[in-house]
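Single-structure report; data block below.
The values are calculated or read from the model by the stated rules, or taken from the named source; none is laboratory data. Given the structure is predicted, the values throughout are model-derived calculations rather than measurements. Virtual Cβ from ideal backbone geometry, glycine too; neighbours counted across all protein chains shown. Note: areas computed on protein heavy atoms with side chains; ligands, DNA, RNA excluded. Shrake-Rupley method; radii C 1.70, N 1.55, O 1.52, S 1.80 Å.
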Amino acid sequence: MLSVFGLTACSDDKYGDEPKDWAGTTAFFNSTDEGGFSTYYNPSVGRCGDPMPFYDTKAGEFKVLYLQEYDINGTYNYHPIWGISTKDCANYESLGEVLPTGTSPLEQDAALGTGCCIYNEKDNLYYLYYTGHNPQCANTEVVMRATSSDFSHWTKDMLWTLKGTDFGYSPVDFRDPQIFKAEDGLYHMVISSNQKFADFSSSDLKNWNHVGSFNMVWDRMCECPDVFKMGNYWYIIYSEGYRASWSRKVKYMMATTFEGLKACFNDPGANWPKDGREGVLDSRAFYAGKTASNGTDRYIWGWCPFRTGATIHEKNVNVGAGGEPNWSGALVCHKLIQHEDGTLSVGDIPAIEAKYNKQQTVSVKDVKGGSFNGTEGSLSGDDAYVLFNRLEAHNHISFTVTTSNNWDKFGVSLVRGTDSEQYYTMVVNPENENTRKVNFEQEGKRGKGFIEGIDGYNFPRPSNNVYRIDIYTDNSVMVMYINHTYAYTNRIYGIQKNCWSINNYGGNIKVSDLKVSQY
């Protein structure tokens, strides 16, 4: 895919219409994204909403359905279900539109909401359960279904709906059905309603019986539930829709049985997973996460929101501390990691690492407060940094940081030029001696500093004070992993064609094994 960059630089651009000396200069450049993203999938037109991944055993591949969002949606008929397929979670093929919306503003599925797909080997049918959304109907949201024998031609079952009001649930919030097999050998369908998860069971994926309900997290609406068993534990992954920035994240609960899993929500504070982060899996720029497994590995997909603003700098800080300002974006995928105690984290995907296979020459453009030679060096004192040459549209930056003590603070800056008055840093911040968290900061003379609403979550300081950093970028989508188990996702515009740096904030750090690879 050819890289396309904006031709209009910032007002202090010194190059005019002359060819750019990319290798020899370090000034800020006002770059733009390509039309579509190929690693963190985004269609060339529109964006991806809530993903519905599943492993298609018949085809031997993952399929990820999603709600197709456009810049201008229909007034009533919007969010058709589109899809992509992948075998490695790094390269995708578009399936186009899988299920259209209703054709009339009066139909129950005038707009579609998320759900799930499952293949039934007994009758050789794919079942797609989804949300029919229409505020003009008696029930704003109901669960609906469609079936297909070949995944290409779908038949909507317009004579069947599952209405929450028939079982005492909300007529407005009754959505996001997710199907799995439970310990009783039956299929179960968990549905999000107002402060409750509804639980239904079935033996044939056609006829459903109401089993009961279980709580959500206190007074918060929890969306996009995903229930599965992995090893000896049962898990529910959910997206906490509470608008406060510290809460609106993808989280999980765990137990040794499905019934025990449901009971966790009777007292969430006492039953958070023992991971020190209340079950949080990523930053607020990763939402509506749901998983799928090929029987060996399990992966989780969520969307990274787009940002709006007149300039790169306006967009990069428009994160909506009181609530996400934009819905939909590019699909980010992580590998789900299960630890010995059953707790979960997310890490990088081997096929994505392999995709960035063209190693680049890294050159130092500026150093303050230290020394750097080739792929290693050291920094000490406040405001120390090493500035490197420009990046492209698809980058894998990897290096190791060793801190001198338990309080050293360091960061990685993107969209940084020698003339930049604003640039963007992921700061690995010591919350206390034994806890770290990634903060997002707009640094520089005109920077706002800490940007509320897009910081990460607490994780334990490595006992040896060694941090393996892997940063993957696909245009403006950036995912950073620390020691392959901690993830921080964000949308940062202007990464391509700009320099980047490693920074130190007091104390001393050593940097080694630095590499930059692209594709």
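Within 17 Å of the chain's Cα centre (by Cα), over 22 Å from residue 36 (Cβ atoms) and among the hydroxyl-bearing types (Ser, Thr, Tyr): does that describe residue 328? The answer is no for residue 328. Please go through region 133-148 and give me each residue that is under 11 Å from residue 99 (Cβ atoms) and either crowded, with 19+ Cβ neighbours inside 10 Å or hydrophobic (A, V, I, L, M, F, W, C) (or both), ordered by number. Selection gives 144, 145, 146. Before we move on, is residue 406 open to solvent by 30 Å² or more (accessible area, probe 1.4 Å), in contact (Cβ under 8 Å) with a residue 24 or more places away in the chain and closer than 30 Å to residue 273 by Cβ? For residue 406, the condition - open to solvent by 30 Å² or more (accessible area, probe 1.4 Å), in contact (Cβ under 8 Å) with a residue 24 or more places away in the chain and closer than 30 Å to residue 273 by Cβ - is met.
Just to be sure, is residue 393 over 29 Å from residue 273 (Cβ atoms), of a type in the set (A, V, I, L, M) and either buried (at least 19 other Cβ atoms within 10 Å of the Cβ) or modelled with pLDDT of 95 or more (or both)?
Numbers: over 29 Å from residue 273 (Cβ atoms): yes; of a type in the set (A, V, I, L, M): yes; either buried (at least 19 other Cβ atoms within 10 Å of the Cβ) or modelled with pLDDT of 95 or more (or both): yes.
Yes: the conditions hold for residue 393.
When region 198-224 is limited to residues that are open to solvent by less than 10 Å² (accessible area, probe 1.4 Å) and in contact (Cβ under 8 Å) with a residue 60 or more places away in the chain, the one that is farthest from residue 260 (Cα to Cα) turns out to be 205. Of the residues that sit in region 157-177 and are open to solvent by 70 Å² or more (accessible area, probe 1.4 Å) and among the hydrophobic types (A, V, I, L, M, F, W, C), which one is nearest to the chain's Cα centre (by Cα)? Restricting to residues being open to solvent by 70 Å² or more (accessible area, probe 1.4 Å) and among the hydrophobic types (A, V, I, L, M, F, W, C), the top hit is 172.
Counting only residues that are of a type in the set (Phe, Trp, Tyr) and open to solvent by less than 50 Å² (accessible area, probe 1.4 Å), how many does region 66-96 have? I'd like the intermediate steps shown before the answer.
Residues of region 66-96 of a type in the set (Phe, Trp, Tyr): 66, 70, 76, 78, 82, 92.
Applying the additional criterion that residues be open to solvent by less than 50 Å² (accessible area, probe 1.4 Å) yields 66, 92.
Residues that pass the stated criteria total 2.
Considering each of 119, 129 in turn, give the residue that is in contact with a Lys or Arg (Cβ under 7 Å, 6 or more places away or on another chain), open to solvent by 10 Å² or more (accessible area, probe 1.4 Å) and touching a residue at least 40 places away in the same chain (Cβ under 8 Å).
On the way: 129 fails: open to solvent by 10 Å² or more (accessible area, probe 1.4 Å).
Going through 119, 129 in turn, the sole match is 119.
The set of residues in region 46-83 that are part of a strand (DSSP E or B) and basic (Lys, Arg) comprises 47, 63.
Restricting attention to region 489-499, does a residue exist that is modelled with pLDDT under 95 and in contact with a strand residue (DSSP E or B) (Cβ under 8 Å, 6 or more places away or on another chain)? Show your work before the answer.
Our first condition is that a residue be modelled with pLDDT under 95; within region 489-499, this holds for none.
Checked against the condition, which is being modelled with pLDDT under 95 and in contact with a strand residue (DSSP E or B) (Cβ under 8 Å, 6 or more places away or on another chain), region 489-499 yields no hits at all.
Looking across 382, 408, 366, one residue alone is farther than 24 Å from residue 484 by Cα, among the charged types (D, E, K, R) and part of a loop (DSSP other than H, G, I, E, B). It is 382.
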